[in-house]
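I have placed the structure first, in the form of structure tokens, so that the comments after it can refer back to it.
What follows is calculated from the coordinates using simple rules that are stated; it is not laboratory data. Being a predicted model, the structure only gives us computed values, none of them experimental. Methodologically, a virtual Cβ is constructed for each residue, glycine included, from the backbone with ideal geometry; neighbour enumeration extends over all protein chains shown.
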Amino acid sequence: MGLSLPNYPKLSYLHALIAIADSGSFSEAALRLQLSQSAVSYAIGALENELGVVLLTRGRQGAHLTPVGEQIVDRARRITHLLDDVVKQANLAKGLEGGYVRIASFRSAASHLLPEVIAEFCRRYPAIAVRIAEYDDCPEAEEDLRRGRVDLAMTYLPPSDDIETWDLVQDDFVVLFPPDFCSPIEGIAWDDLAAYPLVMAPEGDLCDGLVYEHCAKHGVTLTPKYHVRSDATIVSMVAKGLGATISPRLAIEPTPKGVHVYALPVPLVRTIRVAILKESLLTPAAFAFLDLLKEICTRLPVERGLEGVGICAVGD
């Protein structure tokens, strides 16, 4: 007589529950998981049906865990952590003959820095797969790192006590003006920023927070008219004459024809870094990717003509 196993919930359902618990809403969870909102809703509904309990309350203020939901999400985190550890141990055994490297990154670094590295990595180690989790900003990438979901994270945030980082490139902030902007002979002045409505990221964006803080130090208060999440949409709005924006140079590539790009009156840069958890046990594949990333980023801005993106001295 065969052994009858319990009907365990699908792992994808648990990931959906964890994502909602972390973000506080179905829509944000869908963005993090790169799924549709309906797929996340289905996963939670199926999980609640299978378990026979209500895990979340839904309302105008977002989604909140019920008391039993809090107990279950805590156990779900432990389950996913243990499964990640199972895979990591298998990858350690495989060395460079298989497995995968997991990377979390904010969008502009994923678009402009990682593809070159991934192409060379796959040429050298064709048996190793590369997985990228792409986010709008850095906190989600670092959160994936801390929760053991990824091996490496791309960030521009200052290093924290639990994370070890290596500086890769310096990315300067620039001002984008629409095609009808009357170009000054020399650089722009702070007053030029008042000539057009500002298009910036939603409130709470950490990259824009650097801009607001920098401008405030020089007596300039920025008041955006439009708040838009996507870098590409912001650049398109500037190209259509809807306003101006201040952005890191990598985030505006490729820049549409006719858009005017100027350095800030007082320069501001962000340092893009690669991060790992301190004292973490990286797989040979992750070590190999880290070394290659540092190697290629020392020459990538020069080779690709990324004006305004500077090379950092990468240590061992």
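Taking the alpha-carbon set of the chain, what are its Rg and Dmax in Å?
Looking at the chain, its Cα Rg and Dmax stand at 22.3, 87 Å.
Relative to the longest principal axis of the C-alpha atoms of the chain, give the angle of the C-alpha long axis of helix 67-94, reported between 0 and 90° and rounded to the nearest 10°.
For 67-94 against the chain, the angle is about 90 degrees.
Stick to Cα atoms and the Kirkwood definition of Rh, then tell me Rg/Rh for the stretch 92-212.
On the way: Rg = 19.0 Å, Rh = 17.4 Å.
Over the Cα atoms of the stretch 92-212, Rg/Rh equals 1.09.
Considering only Ile72, Ile252, Ile20, give the residue with the highest GNM mean-square fluctuation for the chain, with springs between Cα atoms whenever their separation is below 10 Å.
Ile72
Near Lys294, which lysines are there with a Cα under 20 Å away, not counting those fewer than 8 places off in the same chain?
Those lysines meeting the cut-off are Lys278.
What's the ranking of 233-243, 164-174 by average number of surrounding C-beta atoms within 10 Å, highest first?
164-174, 233-243
Placing unit charges on C-beta atoms (Lys and Arg positive, Asp and Glu negative, everything else neutral), compute the dipole magnitude of the chain about its Cα centre in debye, rounded to 20.
Details: 29 positive and 41 negative charges, 174 e Å.
Approximately 840 debye in magnitude.
Please compute P(r) over all alpha-carbon pairs of the stretch 1-148, binned at 5 Å starting from zero, and give each bin as a whole-number percent.
P(r) for the stretch 1-148, in whole percents per bin: 2, 8, 15, 18, 17, 15, 11, 7, 4, 2, 0, 0.
Once both axes come from the Cα atoms, what is the angle between helix 114-124 and the longest principal axis of the chain, in degrees from 0 to 90, rounded to 10?
Tilt relative to the chain: about 50 degrees.
Can you work out the FRET efficiency for the pair Thr57 and Asp162, with r the C-beta to C-beta distance and R0 = 30 Å, to the nearest 0.05?
0.40
List the residues whose amide H sits under 5 Å from the amide H of Asp167, counting only those 5 or more places along or on another chain, with H placed 1.01 Å from N in the peptide plane.
Counting only residues 5 or more places away or on other chains, the set is Gly315.
Give the span of the stretch 171-268's Cα atoms along each principal axis, as three whole-Å numbers ordered largest to smallest.
Sorted from largest, the Cα extents of the stretch 171-268 read 30, 30, 25 Å.
Rg/Rh for the stretch 11-76 to two decimals, with Rh computed the Kirkwood way over all alpha-carbon pairs.
0.91
Before rounding to the nearest 500, sum -39500 (n - 2.57) across all DSSP H runs of length at least 4 in the chain and divide by the residue total; then give [θ] at 222 nm in deg cm²/dmol.
Value at 222 nm, helices only, nearest 500: -12500 deg cm²/dmol.
About the Cα centre of the stretch 11-76, what is the dipole size in debye to 20, counting +1 per Lys and Arg Cβ and -1 per Asp and Glu Cβ, all else neutral?
160 debye
Please enumerate, by chain and number, the aspartates and glutamates with C-alpha under 17 Å from the C-alpha of Lys240, excluding those fewer than 8 residues away in the same chain.
Asp180, Asp231, Glu253
Under 8 Å for C-alpha pairs, at least 6 residues apart: give me the relative contact order for the chain, rounded to a whole percent.
Values: 485 pairs, mean separation 64.7, N = 316.
RCO, the chain: 20 percent.
Distance between Cα centroids, the stretch 5-28 to the stretch 200-272: provide it in whole Å.
With the stretch 5-28 and the stretch 200-272 each reduced to a Cα centre, they are spaced 35 Å.
With springs only between Cα atoms under 10 Å apart, run a GNM on the chain and tell me which of Pro284, Pro139, Pro67 wobbles the most.
Taking springs between Cα atoms under 10 Å, the residue moving most is Pro67.
Cα axis of helix 284-297 to longest principal axis of the chain: angle in degrees, 0 to 90, nearest 10?
With rounding to tens, the tilt is 0 degrees.
Among Arg146, Arg60, Arg77, Arg273, rank each residue by its count of other Cβ atoms within 10 Å, from fewest to most, as a rough exposure measure.
Arg60, Arg146, Arg77, Arg273
Which residue, His15, His218, His112, tops the fluctuation ranking in a GNM of the chain built on C-alpha contacts under 10 Å?
For the chain, modelled as a Gaussian network with Cα springs under 10 Å, the answer is His218.
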